[in-house]
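The structure's right below; bear with me while I get my questions together.
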Amino acid sequence: MKSFGWKRKVCFEIDQKGHNVWGNWFAILNKGTFCEGDAIPYVPVSTVEKEDVKKALQKCFDYFSLTGKRATDFIDWIGYAIGIAWCSEKPNITEKVELFLEEHFPWEGLIQHPADYMSTFLVLNGSSGNLEYYPTPMTITTAISRMLNISVEPNLTDSVLEPCLGPGAMLLPVKALNLVGMDLSLLMVKAACIQAFFYKPSLLFVPTPIVGIHAHPVEKRIHQYFEVKTDSRIYWGNSLFGEFQAPKNIFIQDSEFEDVYVNPYQESLREIHQYRDWLKEEWSSIDVERRKILVGVMAREHKFTVVMSNPPFGKMNALDIEKMKTIEKENIQFYESLQAPIDVIEDIPSIGQLQLF
């Protein structure tokens with residue numbers, strides 16, 4: 001069996017010859033700034049899959065499944081091949097299957113002809129209805145992004161949140177570069193990472209804040225949502241409670257996983273509460289290491305410019321209802337334990353001061 005990420009370099013090379021979304025994104029990351037006129041790491045995604053690519057994908061799975069493997073195992077194989085931390089475990093497949101996939105898997109077609117292949121694949125192969133998953137057609141997600149003005153002539157620095165990500169169909173048409181998505185299904189998280197690898201590098205891999213995207217281009221301070229604990233913006237967890245997990249390093253095999261909280265329902269999980277005393281101090285008196293911590297804490301407090309989703313509309317299960325009631329009681333106790341509300345710091349530190357770049 002080949003090593004973790006064995007196909008990643010080849011995929012980058014295919015992308016470079018075509019849409020070059022990774023090349024454009026790496027150029028922005030390397031200079032640490034995004035300016036007007038920079039090449040945008042964006043590729044239009046078709047509302048219809050290319051038929052021969054779709055058939056080749058299905059052909060590979062049909063052969064793969066002859067050994068008793070399921071769609072979840074196939075997604076793991078793809079994720080392992082491109083080196084996604086969620087798929088770190090080496091797939092248990094025969095040499096014969098491996099050789100077949102190596103010869104027939106449509107890497108080039110998937111990258112050169114962008115479409116929502118993973119949603120269609122999962123629906124056709126047993127995942128429709130799983131955790132109430134019913135994919136939103138690309139015709140609709142494209143229309144939604146246009147109505148919200150985030151696909152045609154958008155503000156590229158808008159922060160866009162998709163709390164019920166699925167394989168990513170809602171974010172695929174979006175041009176904005178500050179994207180965050182999460183899902184309750186680990187299978188959907190893996191599928192979303194695969195499609196982000198093909199088409200949306202600014203969703204999959206964000207190792208540092210970028211001036212002009214996350215940080216104000218003049219004031220040089222983080223003014224949009226940013227998470228410092230992980231270099232990816234695809235999270236696994238329950239959006240009702242805002243509690244998630246993500247690998248610390250999306251391209252590292254067996255990466256450590258971090259707890260990530262986005263607008264958590266449980267107020268005590270907001271890390272900012274741990275630093276109430278620091279926030280009362282004069283900024284000039286706070287040392288550099290503590291400033292870095294505070295910048296990270298404040299960065300995840302920023303609200304999103306746009307929230308877009310087509311969530312499942314089923315009833316909440318009894319466990320979630322009970323958990324929500326418990327949290328509501330705990331929140332009341334937590335607020336009562338606070339002597340005063342958090343002071344709002346207007347003078348958020350500049351990135352230059354903190355040497356984050």
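The values are calculated or read from the model by the stated rules, or taken from the named source; none is laboratory data. Quick caveat, the model's predicted, so the values are computed rather than measured. Note: ideal-geometry Cβ built from the backbone for every residue, glycine included; neighbour counts use all protein chains shown.
Among the residues of region 223-239, what is the count of those that are surrounded by fewer than 18 Cβ atoms within 10 Å (Cβ to Cβ) and of a type in the set (Lys, Arg)?
Adding up the residues that qualify gives 1.
Additional query: Can you name the number of the only condition in (1) modelled with pLDDT of 95 or more; (2) surrounded by fewer than 16 Cβ atoms within 10 Å (Cβ to Cβ); (3) not aromatic (Phe, Trp, Tyr) that His113 fails?
Failing condition for His113: (2).
OK, next. Within region 179-189, how many residues are of a type outside the set (A, V, I, L, M, F, W, C) and surrounded by 24 or more Cβ atoms within 10 Å (Cβ to Cβ)? Let's see the steps before the verdict.
First, the residues of region 179-189 that are of a type outside the set (A, V, I, L, M, F, W, C): 181, 183, 185.
From what is left, the residues that are surrounded by 24 or more Cβ atoms within 10 Å (Cβ to Cβ) are 181, 183.
Here the count works out to 2.
Another question, then. How do the strands (runs of 3 or more DSSP E) wholly within region 170-281 filter down when requiring 1 or more residues that are touching a residue at least 40 places away in the same chain (Cβ under 8 Å) and of a type outside the set (Gly, Ala, Ser): which remain? Outline the logic, then answer.
Values: elements: 178-183, 234-238, 243-247, 257-261.
Where strands (runs of 3 or more DSSP E) fall fully within region 170-281 and carry at least 1 residues being touching a residue at least 40 places away in the same chain (Cβ under 8 Å) and of a type outside the set (Gly, Ala, Ser), they are 178-183, 234-238, 243-247.
Quick one: in region 83-101, of everything that is crowded, with 17+ Cβ neighbours inside 10 Å and among the β-branched types (Val, Ile, Thr), which residue is farthest from Asp254 (Cα to Cα)?
Among those that are crowded, with 17+ Cβ neighbours inside 10 Å and among the β-branched types (Val, Ile, Thr), it is Val97.
Restricted to region 240-270, and to residues that are farther than 26 Å from Ser309 by Cα and touching a Phe, Trp or Tyr at 6+ places or on another chain (Cβ under 8 Å), which residue is surrounded by the most Cβ atoms within 10 Å (Cβ to Cβ)?
Step by step, filter region 240-270, then rank; the result is Phe251.
Yes/no per residue for (1) closer than 30 Å to Lys315 by Cα; (2) modelled with pLDDT of 90 or more; (3) in contact with a His (Cβ under 8 Å, 6 or more places away or on another chain):
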{"site": "Leu101", "(1), (2), (3)": "no, yes, no"}
{"site": "Leu131", "(1), (2), (3)": "yes, no, no"}
{"site": "Val152", "(1), (2), (3)": "no, no, no"}
{"site": "Leu156", "(1), (2), (3)": "no, no, no"}
{"site": "Leu179", "(1), (2), (3)": "yes, yes, no"}
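Continuing with the same structure: Specify the residue that is surrounded by the fewest Cβ atoms within 10 Å (Cβ to Cβ); the eligible residues are those in region 271-314 that are of a type in the set (Lys, Arg) and in contact with a helix residue (DSSP H, G or I) (Cβ under 9 Å, 6 or more places away or on another chain).
Within region 271-314, the subset of a type in the set (Lys, Arg) is 276, 280, 290-292, 300, 303.
Remaining after also requiring in contact with a helix residue (DSSP H, G or I) (Cβ under 9 Å, 6 or more places away or on another chain): 290-292, 300.
On the way: Arg290: 13, Arg291: 18, Lys292: 17, Arg300: 19.
Taking the candidates together, the pick is Arg290.
Here's a follow-up. From Ile194, Ile222, Ile234, grab the single residue that is at pLDDT below 95 and hydrophobic (A, V, I, L, M, F, W, C). Let's see the steps before the verdict.
On the way: Ile194 fails: at pLDDT below 95; Ile234 fails: at pLDDT below 95.
After applying the criteria, what remains is Ile222.
How many residues are part of a loop (DSSP other than H, G, I, E, B) and within 27 Å of Gln253 (Cα to Cα) if we restrict to region 45-82? Lay out the reasoning, then the answer.
If we filter region 45-82 for residues that are part of a loop (DSSP other than H, G, I, E, B), which is where we start, we get 45, 47-50, 66-70.
Remaining after also requiring within 27 Å of Gln253 (Cα to Cα): 67-70.
Selection size over region 45-82: 4.
Given the condition in contact with a Cys (Cβ under 7 Å, 6 or more places away or on another chain), surrounded by 16 or more Cβ atoms within 10 Å (Cβ to Cβ), at pLDDT 95 or above and aliphatic (A, V, I, L, M), answer yes or no: does some residue in region 65-82 qualify? If you could, list the steps in order and put the result at the bottom.
Our first condition is that a residue be in contact with a Cys (Cβ under 7 Å, 6 or more places away or on another chain); within region 65-82, this holds for 76, 79-80, 82.
Adding the requirement that they be surrounded by 16 or more Cβ atoms within 10 Å (Cβ to Cβ) leaves 76, 79-80, 82.
Of the ones still in play, those that are also at pLDDT 95 or above are 76, 79-80, 82.
Still in the running and aliphatic (A, V, I, L, M): 82.
Yes, some residue in region 65-82 is in contact with a Cys (Cβ under 7 Å, 6 or more places away or on another chain), surrounded by 16 or more Cβ atoms within 10 Å (Cβ to Cβ), at pLDDT 95 or above and aliphatic (A, V, I, L, M).
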